[in-house]
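Chemist: Let me begin by handing over the structure; questions about it come next.
What follows draws every value from the coordinates through simple rules; no lab data is involved. Everything quoted here is computed from the prediction, not taken from an experiment. Cβ coordinates were reconstructed from backbone atoms using ideal geometry, including for glycine residues, and neighbour counts include every protein chain displayed.
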Amino acid sequence: MKISVYFVVFSLVFFSLHVAEAKKLYRYQDENGKWLFSDAPLKDSESDKGSLVSVERMDVNSHNKKLHYLQNKTSDNTYQIKFINGYAGPVEVRLESNVFKNSASRPRLPTSFVLDAGEKRHVATIWPENRRDDWSFSLRYSHTLGRPISGNGITDLYRIPFVSRGGRLISQGFNGGRTHNDDHSRYAVDIALPIGTPIIAARAGIVVDVAEDFISGGTDRKRFGEKANFVRILHDDDTMATYAHLSLESVAIKPGQRVKGGQLIALSGNTGYSSGPHLHFAVTKNAGMREVSIPFRFFDGTGAIVIPSEGSKLISQGTH
């Protein structure tokens with residue numbers, strides 16, 4: 001009997017980033033309970049404390065290491081499929097079969113589920129329908145941050161997300177023809193800001209993801225498209241705010257931290273795919289495995305309600 005098992009194929013729905021090639025990691029436990037980690041398969045003889053009794057193979061995406069897929073072969077030639085959510089917020093996952101020859105699963109695939117922050121869960125078991133014949137399978141999955149939301153998700157007004165003397169112009173508003181022309185960014189705004197401008201939380205929530213290690217930016221999408229520093233904050237109604245193109249190592253908050261509206265979160269910059277210093281701000285929701293932007297309104301330093309549009313001037317509320 002020949003058994004062919006293939007690793008999962010990754011698909012990521014997140015901030016318009018492309019997925020890099022996955023790396024394989026191996027996690028072992030010997031009979032004394034010691035865990036071993038390696039980027040290559042081990043033999044029993046390579047364990048310094050007895051035989052290996054448990055083997056978990058992990059595919060780790062080299063760009064996004066926050067959602068982990070684990071595939072554990074048991075003694076009866078079945079496979080246990082697990083996920084670990086390393087985000088500081090919930091994530092929806094869809095697991096599908098890519099190749100399924102003489103194979104069965106429980107539950108039947110495709111299946112979708114939501115993992116809470118930090119949750120590890122066994123999500124499926126796969127085995128041969130006829131153990132005397134060859135069998136093979138491969139899986140693929142996609143995931144989207146946040147719980148799925150029905151409706152438009154608009155429940156609140158948003159503070160002007162920066163502190164600066166005088167007004168600052170919106171250089172690209174809703175339905176902007178340059179880069180705000182798909183579901184993910186249709187209702188995003190770009191605000192022209194000098195590098196180093198304090199960026200504040202437009203609304204209270206939990207920090208779910210941060211990137212602050214990128215140095216530069218430019219208009220070459222292939223080179224800079226995945227290199228924007230950002231902060232993502234999950235609100236109490238499961239919408240999320242993204243603050244992007246931030247300065248190198250300027251983020252003042254950490255994943256899992258709860259922030260208040262008006263709290264300093266970072267400094268503006270010009271990292272990633274960008275034609276000049278600015279803040280990209282968007283409110284998004286998980287519309288059932290699709291992260292889409294939704295319209296929102298600001299309230300400014302004068303108390304006025306502002307519907308973001310290109311060329312509009314935003315007046316911040318000063319220091320909070």
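Chemist: What GluC sites (Glu not before Pro) in segment 69-166 are in a loop by DSSP, with at most 15 other Cβ atoms within 10 Å of the Cβ? Show your work: numbers first, answer last.
Modeler: Working: sites: 92, 96, 119, 129; in loops: 119, 129.
For GluC sites (Glu not before Pro) across segment 69-166 that sit outside H, G, I, E and B with at most 15 neighbouring Cβ atoms in 10 Å, the list reads 119, 129.
Chemist: If each residue of separation counts as 0.36 nm, what is the full-extension length gain between residue 236 and residue 136 once their alpha-carbon separation is subtracted? Before the final figure, lay out the partial values.
Modeler: Numbers: separation 100, 0.36 × 100 = 36.00 nm, distance 4.30 nm.
Full extension from residue 236 to residue 136 adds 31.7 nm.
Chemist: Moving on. For a Förster distance of 35 Å, can you work out the FRET efficiency between the beta-carbons of residue 129 and residue 290, rounded to the nearest 0.05? Spell out each step's value before the answer.
Modeler: Details: r = 34 Å, r/R0 = 0.96.
For R0 = 35 Å, the calculated efficiency reads 0.55.
Chemist: List the trypsin sites (Lys or Arg not before Pro) in segment 219-287 that DSSP assigns to loop (not H, G, I, E or B) and whose Cβ has at most 14 other Cβ atoms within 10 Å. Which are they?
Modeler: On the way: sites: 221, 222, 223, 227, 232, 258, 260, 285; in loops: 227, 260.
Those satisfying the criteria are 260.
Chemist: Taking 0.36 nm per intervening residue step and subtracting the Cα-Cα distance, what contour gain separates residue 165 from residue 77 on full extension?
Modeler: Taking residue 165 through residue 77 to full extension adds about 25.1 nm, to one decimal.
Chemist: Something else about it: Take the Cβ-Cβ distance between residue 219 and residue 257 as r, set R0 to 35 Å, and report the resulting FRET efficiency rounded to the nearest 0.05. Kindly include the intermediate steps, with their values, before the conclusion.
Modeler: Numbers: r = 33 Å, r/R0 = 0.95.
Taking R0 as 35 Å, the efficiency between residue 219 and residue 257 is 0.55.
Chemist: Summing Lys, Arg as +1 and Asp, Glu as -1, what charge do residues with Cβ under 14 Å from the Cβ of residue 215 carry, residue 215 excluded? Could the numbers behind the result be given before it?
Modeler: Numbers: positive: 223, 227; negative: 212, 213, 226, 249.
Summing Lys and Arg as +1 and Asp and Glu as -1 gives -2.
Chemist: Over 26 Å between C-alpha atoms is what I'm after, so list which of 222/254; 120/222; 66/227; 254/285; 101/222 land there. Please report the intermediate quantities before stating the final value.
Modeler: On the way: 222/254 28 Å; 120/222 34 Å; 66/227 17 Å; 254/285 21 Å; 101/222 37 Å.
Result: 222/254; 120/222; 101/222 exceed 26 Å.
Chemist: Roughly speaking, what is the stretch gain from residue 179 to residue 121, that is 0.36 nm per residue apart minus the C-alpha to C-alpha distance, in nm to one decimal?
Modeler: Working: separation 58, 0.36 × 58 = 20.88 nm, distance 3.75 nm.
17.1 nm is the gain from fully extending residue 179 to residue 121.
Chemist: Please report how far the C-alpha centroid of segment 118-150 lies from that of segment 241-320, rounded to the nearest whole angstrom.
Modeler: Each part reduced to its Cα centre gives a spacing of 36 Å.
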